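What follows is one structure encoded as structure tokens, with my remarks underneath.
The values are calculated or read from the model by the stated rules, or taken from the named source; none is laboratory data. Not measured: the values here are computed from a predicted model. FYI the Cβ positions are ideal-geometry reconstructions off the backbone, even for glycines, and counts take in every protein chain you see. In case anyone asks, the SASA skips ligands and DNA or RNA and just uses the protein heavy atoms, side chains included. Shrake-Rupley method; radii C 1.70, N 1.55, O 1.52, S 1.80 Å.
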Amino acid sequence: MSNEWLDTVVDARHEATSRIVVLDLVGSDAVELPEFAAGAHVDVLVDGVAGLVRQYSLCGPPHDRTRYRLAVLAETASRGGSLGMHRLRKGDRLRISRPRNRFKLSDEARRHLLVAGGIGVTPLLAMAHALEAGGAHYELHYCARSRADSAFAEELEHNPHVRLHFDDGPDDQRFDAATDIGRPDPGTALYVCGPGGFMDFVISRAHEAGWPPEAIHKERFTPVQDTAAHAADGTFTVRLAKSGGEYEIKEGENILDVLLAGGVDAPYSCQQGICGECVVRVLAGEPDHRDDILTDRERADGLFTTCSSRAHSPVLELDL
Ligand code: FES
């Protein structure tokens, strides 16, 4: 968990829809905020209470270091995070981490196809700002239940690179994966962000159309369902190469929880398989990857998420 927090102040707040609040944060001492690249998120210490940490994408223009913009959906099953964010008012203080990024624009692509579902538009908005500023070739498809549910429709509707798709709108404006994603094209990168069901749909259609996995970039806003915490699997041992400590991971436990309970200074943030902060290297044993963050290449390179993955082998040795 990051312990380097930045002090910010809510400089502007507006309710973009009945469930989405948009917050502009500035540095509390008027200094410039750290630089970030499109696709980045920050951890937010909600209500200033250690332990209630949530991740939100930065959705403003990445070149603007005077403020960070967040958009927060009030979750119906909120455990306090999103509702705490909705309670913030202009002038309130908020501690955030420095930006982190596991959802970057491809340096190699000549064309960028951005597909957003609902609040998943936030990191893609920052990407659109960056691509626009760089004169890049891009297209943003923004899908929402209705215009009333879409926080950024007004801002985006006159942008010639943007297509809005509303579930309750006429057929000819609905999102159609066959035409809106189309067939893969070397040099085009596809970026997908939104609720799990939306992402599964878009990514499976892209695979069916022949898009190679390395051309598909994704970020989930909801935890992967099949995480280690829910799995009923056998016991295995995690061995830590640096300290020599060994920890037994029983059915239904996850590695990160056991390590933290044992006082190990393991990296982490979301604990939900979303942020990638807990990634460490496997030195020995056979990992059972259950995250939705690492690419095949990263897994082949030995990277591993302790909050959501397990082991197939009786012992898994980690570079910790
Ligand atoms: S702590 Fe965020 S992915 Fe593991």
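For region 255-274, filtered to residues that are open to solvent by less than 10 Å² (accessible area, probe 1.4 Å) and within 11 Å of the ligand (Cβ to nearest atom), the residue that is farthest from Val315 (Cα to Cα) is Ser269. Taking the criterion of being away from the ligand (no atom under 11 Å from the Cβ) and open to solvent by less than 60 Å² (accessible area, probe 1.4 Å), the residues of region 275-289 that qualify are Val282, Ala284, Gly285, Pro287, Asp288, His289. Taking region 268-302 as the range and being assigned to a loop (DSSP other than H, G, I, E, B), free of Cβ contacts under 8 Å to residues at least 40 places away in the same chain and closer than 26 Å to Gly81 by Cα as the test, the residues that pass are Gln271, Cys278, Leu294.
Scanning region 60-103 for residues that are of a type in the set (S, T, N, Q), under 19 Å from Leu6 (Cα atoms) and open to solvent by 10 Å² or more (accessible area, probe 1.4 Å) returns Thr66, Asn101. When region 3-23 is examined, which residues are found to be among the polar types (S, T, N, Q) and assigned to a strand (DSSP E or B)? Matches in region 3-23: Thr8 only.
Is one or more of the residues making up region 24-45 at pLDDT 95 or above, part of a strand (DSSP E or B), open to solvent by less than 10 Å² (accessible area, probe 1.4 Å) and touching a His at 6+ places or on another chain (Cβ under 8 Å)? Checked region 24-45: no residue is at pLDDT 95 or above, part of a strand (DSSP E or B), open to solvent by less than 10 Å² (accessible area, probe 1.4 Å) and touching a His at 6+ places or on another chain (Cβ under 8 Å).
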